[in-house]
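One structure is given below, encoded as structure tokens.
No value in this document is a laboratory result; all are computed from the given coordinates. Predicted, not measured: the structure shown is a model, and the values here were computed from it. Ideal geometry is used to build each Cβ from the backbone, glycine not excepted, and the neighbour counts take in all protein chains shown.
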Amino acid sequence: MPTSLDPAGTTSDRTLTWPLSERTPDEDHYRVAAFPADYALTDDVILRDETGRAYLLSQQDELPTPIEEDTANSLGMFFEPSQDYSWHTISELRRIIYGVEAAAVALH
């Protein structure tokens, strides 16, 4: 016997909506897709998120910049593929790649 949430013979225009929790960019996980080649004059790194979107991470920018797939592909001649497929938050990547860490200072 089928289970119905509405009484028999009625139609409902109600829909269930689940509250979306806002995620901060630092809760998302990224992997390094490519590092700059030795001859490239940049410190930028190409990242991929869990859905496959491409980003450019720079030391001077706090957050990664989303880039189109065509742009990521065209930058390929200046970058070398990464051999690391582990996932990290942006703060972890900034610490690993640039040695930059957000530090809290406690005054005594």
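Other residues within the sphere of radius under 14 Å centred on the Cβ of Ala54, judged by their own Cβ, net out at -4 (K and R +1, D and E -1). Around the amide H of Ile67, modelled in the peptide plane, lie the amide H atoms of Ala54, Tyr55, Leu56, all under 5 Å away and 5 or more residues distant in sequence or on another chain.
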